[in-house]
1. Arrange the peptides 487-497, 418-428 so that the one whose residues have, on average, the most other Cβ atoms within 10 Å appears first.
2. Between the helical axis of 80-99 and the dominant principal axis of the chain, each derived from Cα atoms, what acute angle in degrees is found, rounded to the nearest 10?
3. Can you tell me how much longer the chain between Gln483 and Ser593 gets when fully stretched, taken as 0.36 nm per residue apart minus their C-alpha distance, in nm with one decimal?
4. Between helix 576-597 and the chain, what is the angle of the helix's C-alpha long axis to the longest principal axis, kept within 0 to 90° and rounded to the nearest 10?
5. So what is the relative contact order of the range 1-64, in percent, for Cα pairs below 8 Å that sit 6 or more residues apart?
6. Quickly estimate the mean residue ellipticity at 222 nm for the chain, helices only: each DSSP H run with n ≥ 4 gives -39500 (n - 2.57), and the total goes over all residues, rounded to 500.
7. Please figure out what share of the DSSP beta bridges in the chain is antiparallel and state it in percent, rounded to the nearest 5.
8. Aspartates and glutamates within cross-link reach of Lys38: Cα-Cα under 12 Å, excluding same-chain residues under 8 positions apart?
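Bear in mind that the values in this text are calculations on the coordinates, not laboratory data. Remember, predicted model here, so these are calculated numbers, not experimental data. Methodologically, a virtual Cβ is constructed for each residue, glycine included, from the backbone with ideal geometry; neighbour enumeration extends over all protein chains shown.
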Amino acid sequence: MAQPRVLVIGGGLAGLSATMRLAELGINVDLVSLVPVKRSHSVCAQGGINSVNSLTRQQGDSEWKHFDDTIYGGDFLQHQPPVKEMADWGPRIVDLMDRLGVPFNRTPEGFRDQRRFGGTLFKRTAFAGATTGQQLLYSLDEQVRRWEVEGKVKKWEFWDFLEPVLDDAGRCRGAICQDLVTMQFRAFPADAVILATGGCGLLYGRSTMSMVCTGSAVSRAYRAGAWYGNGEFIQVHPTAIPGADKLRLMSESARGEGGRVWVPKTPHDPRDPRDIPESERSYFLEERYPKYGNLVPRDIATREIFDICTNEGLSVEKDRLCVYLDLTHVPRETLDRKLGGILEIYEKFQGVDPRVVPMKIFPAVHYSMGGLWVDYEKSSTGGLVEGSPRNQQTNIPGLYAIGECDYQYHGANRLGANSLLSCIFSGLFCAPGVIAGCDAGGKKAAEESSRLFESGLRREEERHRALLVRTAGDENPYDLHQQLGNLMTRVATVVRRNEQLAAAYAEVCSLEERWRRCAVSDSGNWTNQNVVFTKSLGDMFPLAKLILKGALQRDECRGAHYKPDFAMPDIHATDPAEKRREAEAWCDRFEASTRRWLKSTVAKCGPEGEPEISYQDVDTSLMPPRPRLYGLVGGEEIEEVWKERQRAAGVGGDAQKKSPAYAGATT
Ligand SMILES: Cc1cc2nc3c(=O)[nH]c(=O)nc-3n(C[C@H](O)[C@H](O)[C@H](O)COP(=O)(O)OP(=O)(O)OC[C@H]3O[C@@H](n4cnc5c(N)ncnc54)[C@H](O)[C@@H]3O)c2cc1C
């Protein structure tokens, strides 16, 4: 067999790590990206990357605990073997990035400095100031350039992935892409295609994500038959700067370095926040979750901020919902050294120095836990079989997905600083399996491929031409995008209600219908951004529909998905016997809900383009599900009842310690 050729779509952290690893293994790679790879959205990542390290080990941390935090943080919705493998690789990945030249912050002794992020009690996050994503991306970019010079990698920047090309047996044989400068089309035959195309935040209009995060590539793969997993799980980050054009993130690292979230106890207190005494402030996260304080997982912090502003009426401002994020007690020198990048952003866009005055922040759409469904092969020790072609492969043979565009690692809620790890891990880890999978091709299919590519090219050229001549439609794509974003933000973020979700589904169908009547104002065939945006807007509707349908059908609360009608009740009783009875009832309900809903949502694109939803069991073989309380005040009784039940059933504790996966744990 000739040397395989792999097509990688996307040059963020996931795409660059896969490209680097494939090239190291001797494979030729075509690397396609909408934007120059150094401008990929990964460049925005601020706070850091997680892994166990020598400091946390001294405090009793281990890879197992990182795994446990990730699964617990994700509300047990992710398959456990891939997460275990990722946590095991964490220390090696951070060491590797250090060796590749990432300027991680150092302690005075020269060790890598670490900070604490949400959902853990350990300082597990390595960081390069508050521009960690940029430093990681640039280091990987340098490596890929090295292979470019060697002739192993060919980069195609400003190219748009339009569709995967499948043969008659349904195997992926390459892709059709378009040059965004000349607008010419090109077929890319390949022995395997890896999608590393990031998230789909633009579906929500304004988000913390870059303007290229439209989800177009994933939507195109979905319509070609790839399944989409856990679409309804969208992360809303608790701390962003509200803005008319865009929502700008104030990284969790601000709280990791001591930032405190509070509101005045008097609604809309007009005083300068610095004049409000401690006794007149509510540090509501610290009060409700004393164990984790300001660093509870994002879904919890977001919901609490939303609750304090909307239900308790304690928003700092009357006409704009927001709370204070206060760093003013942290020394200026520490802030500049560790958080300079994000504080400059606040100062630039708000005109206020956050070192002196508390910031005003509010939650914003930030990340998609859902993504293309991918497979894995479990090893006998509970992790993954290295080199298995099943790892990261979608249901379409030969088509892989890695990074934010897969659904594999973060379940119902992603822990901060785990995404950079999952992106680099999935990129590095999948490469040997992708190569092994290339053998499955076959000569006959290769001979057939010119027919397949010609028809793919014709199809895409036709679609493009049809859009270009549509200059007389009565709909404006930018206006439709705004309507879609407003709708999704209103019904499918923090709080979800079935009647609203059902109505929104119908509204999205109608927006999609109107999109078919969109006019393009630019009919030229040279760097036509107007037509590219209109196409990607069309790709947002199938994803919006699967998010809404998945959310509508899931009648429970799990991680980022919260429906008040199905919320677990609080424990109100004070009498011990009654308290116990309520806790027993709570655990009964939790068990019933787990039996019914601890399932991955899998969306398949139906013949009419409508999502067909089914459910798959989640592999919880390494750690049994447990109530997710984070030391919530009043939750102690529930925790106690739950532990008694687990002991009686022989689950957890000793049973877990006998598991082979537990063998290396240092707890
Ligand atoms: C403001 C911000 C801060 C963050 N900070 C952190 C952090 O501190 N720690 C952490 O763990 N996570 C963080 N995250 C999340 C993290 O940055 C992302 O999840 C991660 O970088 C995604 O990387 P990726 O490689 O999957 O995709 P991306 O970096 O988004 O790259 C996608 C690539 O796909 C290409 N592409 C997309 N569509 C097409 C198409 N149709 N055709 C061709 N190419 C295409 C793009 O050009 C790009 O090269 C942050 C996110 C935001 C928004």
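1. 418-428, 487-497
2. Approximately 80 degrees, to the nearest ten.
3. Values: separation 110, 0.36 × 110 = 39.60 nm, distance 3.44 nm.
Working it through step by step, the gained length comes to 36.2 nm.
4. Rounded to the nearest ten degrees, it is 0.
5. Relative contact order comes out at 31 percent.
6. -12500 deg cm²/dmol
7. DSSP beta bridges in the chain are roughly 70 percent antiparallel.
8. Asp141, Glu142, Glu157
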